[in-house]
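Quick notes on the structure that follows.
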Amino acid sequence: MSCIGDNTGGIHVLTVLLSVWMQPISAISIQPIPQYPAVGQSVTLSVTGITGNIRQFEWYNGPNLNADNLILSYIPTANPPQTNGPQYLSRVSGLPNASLLISDLVITDRGIYIVSVQTYRDAQQESVTLTVYKHVTKPVIKTSSYLIQENETVTLICETENAARILWGRSNGTLPSDSTLSSDNMNISFSSIKPSDSGDYYCEAENAIHKITSDIHTLTVNYGPENLSIIRFFETNNNSTFTLKCSVASFPIPIYRWIHNEKDMHVQQDILHIECPTKANYGNFTCMVENPVTKRTANVSIFVTFDMIESLPKCDAASSVGIIFGSILGIALIVTVIVVLCKKYLALVILKIQGSSTSTQNLHAKAVRNNNVEKNQHCNAEEEIYANANF
């Protein structure tokens, strides 16, 4: 630019150029209302930032302004103002401010929407990607195996739909350090599961409009038997009791068997009581256990010597006699009750038989009487005929 000439004019030109350069440039934008529309709802693709009066606007459903993607064209001064295009749906309508209203949303309504706005000053266009959300279905946790055993590879699966994010938790603490989450958080895996991994697990599924948590899933790790031992102790109240307790780490509780000198004692519990032990109780005692799930077995033995038995206090003789006497008395009482009941039963039977015999005799006597009456009547009739006869 040359500075020679009319200085006043030069200043005027410079002022105009500065005013044009400093004038803010307007741009339209599109905002979905609500921000996270769900299936069945309505959404308005609200257009803002328009300067000047609108001459015409068009909405397109697709990546460009191709005529095949036209939803509608809207001219405010026309009657009617709206003209429908190939992509038009009865659930869609244009608004005078260039916004687009879509009612009763369905999943297929999602996609790219473009608006082209012409004012009396300029023409602008803007696009927006519409996402239509569905409610998250309630998650269900499933396992890769049914009866889980120690050291197996196990996976917990959170099954749900329409979730954008999944979170895992355990009610009795944080997730085990040896667990691994998949990239989408749908699975949690244990490469070699341990009893300490047992617990109550849950998963939470969510998206922009909805969040829901699964029911508790109890993870049980079956293990054992292991760490088997026999604990020996005595009780010395009125009578001496020799007790052996079989201690074992196992889940579920194992099946127990006690063996004494290779003879099955038919005791299927962890504690073995021997009251008033004698020298006959010396020898080898073996506790055998079997886990009903893992099918693993184990056994442990203890040898009871004469000295152990002799070291126990002797049983109270009076108490033993009392126990024996009480047992005999109880048996006698039971026998007496049975005899009394049998006698009553026999008496009832005899009464029934006698009653039946008496009834039979009464019936027979009645029949005889009836027969005699008939004979007497017959004889009387014959006598009467005989008396009236003329000889």
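The values are calculated or read from the model by the stated rules, or taken from the named source; none is laboratory data. Keep in mind that what you see is a predicted model, and the values were worked out from it rather than measured. Quick reminder, even Gly has a Cβ in these numbers, built from the backbone with ideal geometry, and neighbours come from all protein chains shown. We work out accessible area using only protein heavy atoms, side chains counted, and drop any ligands, DNA or RNA first. Shrake-Rupley method; radii C 1.70, N 1.55, O 1.52, S 1.80 Å.
The number of residues in segment 43-92 that are in contact with a Leu (Cβ under 7 Å, 6 or more places away or on another chain) and open to solvent by 30 Å² or more (accessible area, probe 1.4 Å) comes to 7.
Those residues that are part of a strand (DSSP E or B) and open to solvent by 30 Å² or more (accessible area, probe 1.4 Å), I need them from segment 261-297; list them, please. Show your work before the answer.
First pass over segment 261-297, keeping only residues part of a strand (DSSP E or B): 263-264, 271-275, 283-290, 297.
263, 264, 271, 273, 275, 284, 288, 290, 297, listed by residue number.
Applying the condition of being among the polar types (S, T, N, Q) and over 19 Å from the mean Cα position of the chain (by Cα) to segment 160-174 and asking which residue is most open to solvent (accessible area, probe 1.4 Å) yields 174. Looking across segment 212-222, the residues that are open to solvent by less than 50 Å² (accessible area, probe 1.4 Å) and of a type in the set (A, V, I, L, M) come down to 212, 219, 221.
Within segment 228-240, is there a residue that is surrounded by 15 or more Cβ atoms within 10 Å (Cβ to Cβ), touching a residue at least 60 places away in the same chain (Cβ under 8 Å) and assigned to a loop (DSSP other than H, G, I, E, B)? Explain how you work it out, then say what you get.
To start, the set of residues in segment 228-240 that are surrounded by 15 or more Cβ atoms within 10 Å (Cβ to Cβ) comprises 228, 230, 239-240.
Imposing the further condition that a residue be touching a residue at least 60 places away in the same chain (Cβ under 8 Å) reduces the set to 228, 230, 239-240.
Cutting the leftovers down to assigned to a loop (DSSP other than H, G, I, E, B) gives us 239.
Yes, the conditions are met somewhere in segment 228-240.
Results for (1) touching a His at 6+ places or on another chain (Cβ under 8 Å); (2) in a strand (DSSP E or B); (3) free of Cβ contacts under 8 Å to residues at least 60 places away in the same chain; (4) over 15 Å from residue 113 (Cβ atoms), shown as yes or no for each residue.
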residue	(1), (2), (3), (4)
41	no, no, no, yes
50	no, no, no, yes
56	no, yes, no, yes
64	no, no, yes, no
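In this structure, does residue 249 turn out to be aliphatic (A, V, I, L, M), closer than 22 Å to residue 172 by Cβ and surrounded by fewer than 16 Cβ atoms within 10 Å (Cβ to Cβ)? The answer is yes for residue 249.
If only one of 192, 177, 183 is at pLDDT 95 or above, of a type in the set (Ser, Thr, Tyr), in a loop (DSSP other than H, G, I, E, B) and open to solvent by 80 Å² or more (accessible area, probe 1.4 Å), which one is it? Write out each step before concluding.
Working: 192 fails: open to solvent by 80 Å² or more (accessible area, probe 1.4 Å); 177 fails: at pLDDT 95 or above.
Residue meeting the stated conditions: 183.
Filtered by the rule that a residue be open to solvent by 50 Å² or more (accessible area, probe 1.4 Å) and within 38 Å of the chain's Cα centre (by Cα), segment 26-39 gives 34, 35, 36, 39. Using the structure shown, decide if residue 112 is open to solvent by 50 Å² or more (accessible area, probe 1.4 Å), modelled with pLDDT of 95 or more, out of contact with any His (no Cβ under 6 Å at 6 or more places or on another chain) and assigned to a strand (DSSP E or B). Yes, satisfied.
Quick grid of which residues meet (1) buried (at least 17 other Cβ atoms within 10 Å of the Cβ); (2) part of a loop (DSSP other than H, G, I, E, B); (3) in contact with a helix residue (DSSP H, G or I) (Cβ under 9 Å, 6 or more places away or on another chain); (4) in contact (Cβ under 8 Å) with a residue 12 or more places away in the chain:
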{"position": "158", "(1), (2), (3), (4)": "yes, no, no, yes"}
{"position": "188", "(1), (2), (3), (4)": "yes, no, no, yes"}
{"position": "208", "(1), (2), (3), (4)": "no, yes, no, yes"}
{"position": "224", "(1), (2), (3), (4)": "yes, no, yes, yes"}
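Within segment 98-109, being farther than 19 Å from residue 75 by Cβ, open to solvent by less than 60 Å² (accessible area, probe 1.4 Å) and either in a strand (DSSP E or B) or not hydrophobic (A, V, I, L, M, F, W, C) (or both) holds for 102, 103, 109. Filtering segment 128-156 to residues that are under 16 Å from the mean Cα position of the chain (by Cα), surrounded by fewer than 18 Cβ atoms within 10 Å (Cβ to Cβ) and at pLDDT 95 or above leaves 137, 138, 140, 142, 143.
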